[in-house]
1. Show the residue pairs meeting these rules: Cβ distance below 7 Å; 6+ apart or different chains; first residue within segment 55-74 and modelled with pLDDT under 95; second residue among the acidic types (D, E) and crowded, with 19+ Cβ neighbours inside 10 Å.
2. Right, R350: open to solvent by 20 Å² or more (accessible area, probe 1.4 Å), closer than 24 Å to Y152 by Cβ and over 20 Å from the mean Cα position of the chain (by Cα) or not?
3. With within 25 Å of N411 (Cα to Cα) and either among the aliphatic types (A, V, I, L, M) or open to solvent by 40 Å² or more (accessible area, probe 1.4 Å) (or both) as the only criterion, which of D134, D99, D144 stands out?
4. Considering segment 256-270 alone, what residues qualify as being open to solvent by 50 Å² or more (accessible area, probe 1.4 Å) and of a type in the set (D, E, K, R)?
5. Given segment 264-330, what helices (runs of 4 or more DSSP H) lie entirely inside it while holding 3 or more residues that are over 21 Å from the mean Cα position of the chain (by Cα) and at pLDDT 95 or above?
6. So for segment 114-121 (the condition being open to solvent by 40 Å² or more (accessible area, probe 1.4 Å), part of a helix (DSSP H, G or I) and not aromatic (F, W, Y)), does at least one residue qualify?
7. Hey, any hits in segment 384-396 for a residue that's within 23 Å of E109 (Cβ to Cβ), part of a helix (DSSP H, G or I) and not hydroxyl-bearing (S, T, Y)?
Amino acid sequence: MGLKQRLTAVGIIAIAAVVTFGIARSGRQITQQQKETIFTGGKETLYLWYTDEALTPYLSAAAVTYNENHEIRVVPVLESGLEYLENINASSLESNAPDLYILSHDSLEKAYLAGLAGQVAPPENFSMENAYIDTGIKAATYKDKVIGYPFYFETSSFLYNKTYLEDMALKGLEAEADALEGELAQSQADEAAALGTIGDVAEEIDTMGSENSVDMSVAASGEGESRFTAGQIEERMIKILPATIDDIREFADNYDAPEQVEGVFKWDVTDIFYNYFFVGGAINMGGEAGWDTDKIDIYNLDAIHNMRTYQELSQFFSIDTNEITYDTVLDEFMAGKMVFTTATTDAVARLEQAREEGLFAYDYDIAPLPGIDENHGSRSLSMTSCVVVNGYSDKKEEANDFAAFVTSQYNDILYARAGKVSAAKNAVYDYPVLSRFAQEYEKSIPMPKMLETSNFWVKLEVLFSQVWNGADANEKLKSLSEEMKTQVTGGAYEEEYLEEPKEPEEPEESGEEEQ
């Protein structure tokens, strides 16, 4: 297709998308006849429903690209998120449409049981394992059947001010180098004094000290010079970057903070998405794929330990739950008021835009969320949006083909057009830091899809709030576990109370000296 033809096609789809959007927003139904007239002129058509308006530019572009090489047309249709599955079901019974739809993975069980989703049937020579990050496949799995194509994900990760850590690393290297040179000079001076030749070796000492400095230095870009290579500074930063909550507390105790820094670690403690990593490595809700009701483990010693650590941070960092929000946290991070926080993928676009507008004067980076301590790890929570082939569609083969295309072969512009991070393995991300979100996603735990425990997240968020404000972690976890297992089993369930191991007592210091 030539440039003129391509631009014409883009224009037609854009106009059609605007018409569809206007009808959808007005609350009126788009009839089959209207859709045929607006989009296809009577040609065979696939209808793709979605609820997130941010996806409109991306899906319109993807439809244009796909339509260029396929006889069938793809029409994205923006729908209300209210009673979304119910509307899909009603439309499916009436007209077998939509053929595909985008759905959050935690609703897949409901879709499957309603006949609105079935096992995927990818195109020939298409490998799900090669195409998608494993976490996405788990999220799209129900009872060992993959019933959706992983599209994009959301998870939280560890956001830090890279400028502050570079400065800290450089200061540490400088201090060590100065100390080493001082020791060298003192050693040479002592040797000279012992030989009685201080005057003769003075010049040699200066020369050796100078040579030592040259060995460790490289010319730095910019106005000044650095005695250390970028690799040396990076290596020191890796050592400085906290790997556990214990490390963060130690960092806070020893950090010589710049004047503008008001806190070391701050995050939205009112949102389960940013809190979950504290218990993510300790509890189990439905197994790795989140559908198995026989695999529920909320109340255990590791979870209690991790929640007690979480509670201790309420005193250590003094975060006011009445004032904090995710937006205020990001604003403070951009102002250089804190060093570390937990953030979701949207932070990258916001930080980059702030940088372009001159509102963010620092470098930043993403790292894995810290473990609790050296014996207790962490796992973040993730959500995966999937493209699902409607079980009622009469064009399943064509729908599967487009679903594979839009989720795995046409994702280079997904973040730029829609602010979403692709769940595909081969995705090319606009910003390098997004690949580190993908690494966090790979080890994350998908939100469970069990209908019996659909209120778990609301209950867990309340539990975090209560523990933060002083409630007993042991009692709260026990109560939540009993409630969830009662819902699953249909009968009253009581957990056996877990006695926590006592902290070892420090030996008393003796006033008597050893003889």
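The values are calculated or read from the model by the stated rules, or taken from the named source; none is laboratory data. These numbers were taken from a predicted model, which means no experiment stands behind them. All Cβ positions, even for glycine, are placed from backbone atoms using ideal geometry, and neighbour counts span all protein chains on display. The area values use the complete protein model at the heavy-atom level, side chains included, leaving out ligands, DNA and RNA. Shrake-Rupley method; radii C 1.70, N 1.55, O 1.52, S 1.80 Å.
1. Listed pairs, sorted by first residue: I72/E398.
2. Details: open to solvent by 20 Å² or more (accessible area, probe 1.4 Å): yes; closer than 24 Å to Y152 by Cβ: yes; over 20 Å from the mean Cα position of the chain (by Cα): no.
In short, no.
3. Values: D99 fails: either among the aliphatic types (A, V, I, L, M) or open to solvent by 40 Å² or more (accessible area, probe 1.4 Å) (or both); D144 fails: within 25 Å of N411 (Cα to Cα).
Result: D134 is the single residue among D134, D99, D144 that is within 25 Å of N411 (Cα to Cα) and either among the aliphatic types (A, V, I, L, M) or open to solvent by 40 Å² or more (accessible area, probe 1.4 Å) (or both).
4. Residues of segment 256-270 open to solvent by 50 Å² or more (accessible area, probe 1.4 Å): 256, 259-260, 262, 266, 270.
Hits for segment 256-270 are D256, E259, E262, K266.
5. Details: elements: 272-275, 277-280, 301-316.
Correct list: 301-316.
6. As a first pass, look at segment 114-121 and keep what is open to solvent by 40 Å² or more (accessible area, probe 1.4 Å): 114, 119, 121.
Retained after the next criterion (residues that are part of a helix (DSSP H, G or I)): none.
No, segment 114-121 contains no residue that is open to solvent by 40 Å² or more (accessible area, probe 1.4 Å), part of a helix (DSSP H, G or I) and not aromatic (F, W, Y).
7. Looking only at segment 384-396, we keep the residues that are within 23 Å of E109 (Cβ to Cβ), and these are 384-393, 396.
From the residues that got through so far, the ones that are part of a helix (DSSP H, G or I) too are 396.
After this cut, where a residue has to be not hydroxyl-bearing (S, T, Y) as well, the list is 396.
Yes; the residues of segment 384-396 include at least one that is within 23 Å of E109 (Cβ to Cβ), part of a helix (DSSP H, G or I) and not hydroxyl-bearing (S, T, Y).
Results for (1) open to solvent by 60 Å² or more (accessible area, probe 1.4 Å); (2) hydroxyl-bearing (S, T, Y); (3) touching a strand residue (DSSP E or B) at 6+ places or on another chain (Cβ under 8 Å), shown as yes or no for each residue.
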position	(1), (2), (3)
K239	yes, no, no
N254	yes, no, no
G287	no, no, no
W291	no, no, yes
M307	no, no, no
Q315	yes, no, no
I319	no, no, no
